[in-house]
Amino acid sequence: MDHLLPPDIVEAGHSFPAELAACGDLDALLRLKGAYVGREGSHAARLMELLKLAPKEQKRDLGAAINALKQQWEEGLKSRQFEIETKKKNRKALAASWDPSLPPPVPAQGALNPLNRLMDRLVEVFRPLGFHVEEGPEIETEAHNFDGLNIPEDHPAKASSDTFYLAAHPDLLLRTHTSPVQVRTLLRVAQDLGIRGGVRFLSPGRVYRKDEIDPTHSPMFHQVEGMLVGHGIGMQHLKGTLEYALRALFGPHTEIRLRPSYFPFVEPGCEVDVSCPLCAARGCRVCKGSGWVEILGAGLIHPKVLEYAGIDPVEWSGWAFGMGVERMAMMLSQTPDLRLFFENDQRFLKAMGGLD
Ligand code: PHE
């Protein structure tokens with residue numbers, strides 16, 4: 001029935017919803033109301049004039065069209081008025097409920113994960129001894145992860161049931177320990193610089209093994225590797241350095257003990273225990289009553305590892321260790337389930353002192 005109406009009013013009918021939405025306050029809304037349905041000069045008033053003058057046979061249809069339009073405008077105006085008034089009321093209520101004497105909300109602040117803090121602490125303990133940080137990739141070659149470390153072809157760790165190999169590159173894998181950083185660093189130092197001053201580094205990072213997730217296992221976990229190469233280095237240096245570092249971490253009364261063990265890349269190899277820091281070695285749940293907790297694997301670097309990197313094992317010797325970060329963090333914080341370190345539950349992180 002639009003053909004009965006003047007084109008400018010049809011146009012106005014189309015732009016009405018947008019104009020309505022653009023009204024931000026009651027004043028603007030009143031102006032719009034005046035223009036559309038006001039008593040004089042409005043679109044509606046003009047339409048009523050038109051109706052009066054219309055020929056008799058058009059009056060019915062025209063009247064219906066005009067009423068529909070007017071009704072649409074009036075309803076639109078009414079509901080927009082309600083919206084504007086409600087908004088105003090809510091703003092007032094909010095202003096009335098604001099208590100200026102309350103402290104301002106403190107923005108949530110992130111913090112380092114406790115595992116990262118522990119790794120940082122280890123780095124700080126070793127830094128005064130001249131150790132810097134070396135990093136290696138988490139996707140490694142078989143050569144760096146196994147071969148360069150004197151790990152034989154038939155070693156169980158090489159089995160695909162223990163190691164994540166990359167499907168598209170079967171010679172690449174997710175490193176199973178931080179020890180490939182030994183190989184990389186020795187190779188680099190031997191080739192680029194010559195080994196002149198020896199090697200001292202710490203290498204914190206992520207490692208991967210095909211373990212089912214449970215309170216003490218995760219397919220992804222963290223290790224810190226330590227390595228020193230120099231002239232005439234022996235077990236005594238390893239023991240002295242570890243004693244210093246573990247006392248710095250667990251307290252000055254900590255005792256350590258070395259037990260013989262086997263890793264293909266060290267000879268002799270050992271496992272290192274600390275006197276239980278939780279019960280002062282009296283015996284508790286954490287140390288299973290023994291007073292000792294196993295903390296890392298270590299040993300004197302196997303001559304084959306030095307040879308692989310082109311370093312003469314007659315002239316040079318050294319030690320290396322690798323420790324599990326989760327295990328140490330669990331013990332220091334008495335956390336019974338390592339998954340807590342990965343879930344980022346703010347309550348746990350707060351309890352760890354990470355989000356004070
Ligand atoms: N890489 C060994 C592991 O993951 C730990 C280790 C490092 C042992 C260095 C000896 C020397 O179990």
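Just to be sure I understand: with springs between alpha-carbon atoms less than 10 Å apart, which residue in 55, 313, 114 has the highest mean-square fluctuation in the Gaussian network model of the chain?
Highest fluctuation of the listed residues: 55.
Among the GluC sites (Glu not before Pro) within the stretch 220-273, which fall in a DSSP loop and have no more than 15 other Cβ atoms within 10 Å of their own Cβ?
Passing both the DSSP loop test and the Cβ count: 255.
What longest range of the chain stays clear of loop-exposed chymotrypsin sites (Phe, Trp or Tyr not before Pro) (DSSP non-H/G/I/E/B, at most 12 other C-beta within 10 angstrom)?
Of all site-free stretches, the longest is 99-261.
Taking only Cα atoms and a 10 Å spring cutoff, compute GNM fluctuations for the chain and point out the largest among 269, 318, 289.
289
What's the lysine pair count for the stretch 114-355 at a Cα cut-off below 26 Å, pairs eight or more apart or interchain?
Values: 158/210; 158/304; 239/288; 239/304.
Value for the stretch 114-355: 4.
Using a Förster radius of 41 Å, what is the FRET efficiency between residue 169 and residue 127 based on their Cβ-Cβ separation? Nearest 0.05, please.
0.70
For the stretch 258-274, take each phi angle, set θ = phi - 60°, evaluate the Karplus expression 6.51 cos²θ - 1.76 cosθ + 1.60, and give the result in whole Hz per residue in order, putting x for glycine and proline.
The phi angles translate into 9, 10, x, 7, 10, 9, x, 9, 9, 7, x, x, 8, 10, 10, 10, 10 Hz.
Give me the tail of P(r) for the chain as a percent: Cα-Cα pairs with distance above 37 Å.
Details: 30428 of 63190 pairs.
So the pairs more than 37 Å apart make up 48 percent of the total in the chain.
For residue 270, what residues show an amide H to amide H distance below 5 Å, using hydrogens built from the backbone and excluding near sequence neighbours?
261, 298, 299
On the principal axes of its Cα set, how long, how wide and how thick is the stretch 2-97? Give whole Å, largest value first.
62, 19, 18
Only Lys, Arg, Asp and Glu count, each charged at its Cβ (+1, +1, -1, -1), so figure out the dipole size of the stretch 1-157 about its Cα centre, rounded to 20 debye.
2120
How far apart, in nm, are the 7 Å Cα→Cβ label points at residue 90 and residue 155?
6.5
Could you tell me the relative contact order of the stretch 1-151? Use alpha-carbon pairs under 8 Å, at least six residues apart, and round to a whole percent.
After rounding, I find 20 percent.
Kindly list the residues of the stretch 288-306 that lie in the label zone of residue 235, defined by a backbone N under 12 Å from the point 7 Å along the Cα-to-C-beta vector.
Within reach of a label on residue 235, which here means backbone N under 12 Å from a point 7 Å along Cα→Cβ, the stretch 288-306 contributes 299-300.
Aspartates and glutamates within cross-link reach of residue 89: Cα-Cα under 17 Å, excluding same-chain residues under 8 positions apart?
25, 27
At most 11 other Cβ atoms within 10 Å plus a DSSP loop assignment makes a site exposed; report the longest stretch of the chain without any exposed trypsin sites (Lys or Arg not before Pro).
Of all site-free stretches, the longest is 40-195.
For residue 247 and residue 213, FRET efficiency with R0 = 35 Å and r from the beta-carbon atoms, rounded to 0.05?
Details: r = 33 Å, r/R0 = 0.95.
Step by step, r from the Cβ atoms, then E = 0.60.
Counting only the backbone N, which residues of the stretch 93-127 are under 16 Å from the spot 7 Å out from the Cα of residue 345 toward its beta-carbon?
114
If you keep only loop residues by DSSP, which GluC sites (Glu not before Pro) in the stretch 40-70 have at most 10 other Cβ atoms within 10 Å of their Cβ?
Numbers: sites: 40, 49, 57; in loops: 40.
Those that pass, being in a loop and sparsely packed, are 40.
Using alpha carbons only, how many degrees (0 to 90, rounded to 10) separate the axis of helix 43-53 from the longest principal axis of the chain?
On a 0 to 90 degree scale, this one is about 30.
Give me the distance in nm between label points sitting 7 Å out from Cα along the Cα-to-Cβ direction at residue 139 and residue 71, one decimal.
About 6.8 nm separates the two model spin labels.
Tell me what the chain gives for mean residue ellipticity at 222 nm when only DSSP H runs of n ≥ 4 count, each as -39,500 (n - 2.57), the sum divided by the residue total, rounded to 500 deg cm²/dmol.
Using -39500 (n - 2.57) per qualifying helix, the result is -13000 deg cm²/dmol.
Quickly work out the residue 261-to-residue 109 label distance, labels modelled 7 Å from Cα along the C-beta direction, and quote it in nm with one decimal.
According to this spin-label approximation, the distance is 3.9 nm.
Considering only protein heavy atoms and a 1.4 Å probe, what is the carbon-and-sulfur percentage of the accessible area of the chain?
Details: 11050 of 20180 Å².
Ligands and nucleic acids excluded, carbon and sulfur reach 55 percent.
Once phi is turned into ³J(HN,Hα) by the Karplus curve 6.51 cos²θ - 1.76 cosθ + 1.60 with θ = phi - 60°, what whole-Hz value does each residue of the stretch 80-85 show in order, with x for glycine and proline?
Result, ordered by residue: 5, 4, 4, 4, 4, 5 Hz.
List the relative contact order of the chain as a percent without decimals, with contacts defined as Cα pairs under 8 Å and 6+ residues apart. Write out the running numbers ahead of the final one.
Numbers: 504 pairs, mean separation 50.9, N = 356.
Once divided by the residue count of the chain, the mean separation gives 14 percent.
Would you mind telling me which residue in 150, 67, 344 has the biggest mean-square fluctuation in a Gaussian network model of the chain, where springs connect alpha carbons within a distance under 10 angstrom?
Fluctuation is largest for 67.
Among the GluC sites (Glu not before Pro) within the stretch 109-180, which fall in a DSSP loop and have no more than 11 other Cβ atoms within 10 Å of their own Cβ?
Answer by residue number: 153.
The values are calculated or read from the model by the stated rules, or taken from the named source; none is laboratory data. Values in this document were obtained by computation on a predicted structure and should not be read as measured data. Reconstructed Cβ throughout: ideal geometry from the backbone, glycine too, with neighbour counts over all protein chains shown. Please note that ligands, DNA and RNA were not included when accessible areas were found on the heavy atoms of the full protein model with its side chains. Shrake-Rupley method; radii C 1.70, N 1.55, O 1.52, S 1.80 Å.
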